[in-house]
Amino acid sequence: MTRIVFVLLFLSIVVTSLAQKTSKGKLFIIGGGSRSDAMVDRIITESGLQNGGYGVILPMSSSDDSSAYWANEPFINKGIQNIYGLNFVKEEILDDAKVDSVRNAKFIYITGGDQNRFMDVVAGTAIEKAIHDAFHKGALVSGTSAGAAVMSKLMITGNELKYPESALKNIEENNIEIKTGLGLIHGAIIDQHFVKRSRYNRLISVIIEHPDQKGIAIDEATAILVKGREAEVVGDSQVIVIENPKRSKVVRSGKLGASGLTMDIYLAGDRFKIN
């Protein structure tokens, strides 16, 4: 039985690795806050929208009906007129043409808001599959804030289970809520607004409890451009990467401890490996 489990685990790792290797798509993951002209220009260039095709904005994270408009404004100001808002609601009867509009887009942008709200609409649906299909065909998939959190398979929801009003003052076991995101990036968990909101306790807790993952924390007005297994930092601030290479975890009275954690701080133009 142990041998079978090992073989299945090995095959799962191989499949995940191949999927990431063979995907033609790119990710532009923004940590929230403002998007500079340079960041918008980079999105346009990497998506190829200036050469034709179209992009879609998915605003399901937000409860603000105008979120797609505001997300599109920087592109309109750059003369890009081929990006359209496309909203879905939970359990709607999906129109094939509407889903195909996602599948065939060159650029997909997921707005900020609440990552749980977004995944509640798309998880397990043809919409989620269409996002993956577009990505594997070569689309640039981008998101900010909540739209960044959904990129990883293990998704930080933003909720604390033990101390909902603590503002991340604890490093304790079974406190940070994790759910399933889109899984467009493998072997890493995305956090956002990181330096600005001092979310170190949250990501440290997550990496101790999920030591097989690389914690990638993106500050506001900053992004990572992911191509294959490499990420490039774009924007004004920093990206923090926390890892637990020794798989260290100690629990005493509910408090988490660990040794040998590593932390790297990357600036604009720096590159690092995802896995």
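The values are calculated or read from the model by the stated rules, or taken from the named source; none is laboratory data. If you're wondering where the values come from, they're calculated on a predicted model, not measured in any experiment. A quick note on method: Cβ atoms are made from the backbone with ideal geometry, for glycine too, and the neighbour counts reach across all protein chains shown. In case anyone asks, the SASA skips ligands and DNA or RNA and just uses the protein heavy atoms, side chains included. Shrake-Rupley method; radii C 1.70, N 1.55, O 1.52, S 1.80 Å.
Some notes on this structure:
- Taking the convex hull of Cα positions in region 228-268, its mean projected area over all directions (nm²): 4.3
- Simple label model, 7 Å out from Cα along Cβ direction - residue 165 to residue 78, nm: 4.3
- Distance from region 234-275 to region 123-151 (C-alpha centre basis), Å: 25
- Computed over Cα pairs, the Kirkwood radius of region 90-138 leads via Stokes-Einstein (1.567 mPa s, 4 °C) to a diffusion coefficient of 114 µm² per second.
- Placing +1 on the Cβ of every Lys and Arg and -1 on the Cβ of every Asp and Glu, with nothing else charged, gives the chain a dipole about its Cα centre of roughly 1020 debye.
- When each of 26/78; 162/249; 24/179; 169/273 is checked by Cα-Cα distance, pairs over 24 Å: 24/179; 169/273
- Cα-based values for the chain, radius of gyration first and Dmax second, are 18.5, 60 Å.
- Rh (Kirkwood; distinct C-alpha pairs) - region 57-122, Å: 12.5
- Dipole-positive endmost among 30, 48, 233 within the chain (Cβ charges, Cα centre): 233
- Expressed as a whole percent, the accessible area of the chain that falls on carbon and sulfur atoms is 52 (1.4 Å probe).
- Note on residue 136: accessible area approximately 80 square angstrom, rounded to 10, probe 1.4 Å, nucleic acids and ligands left out.
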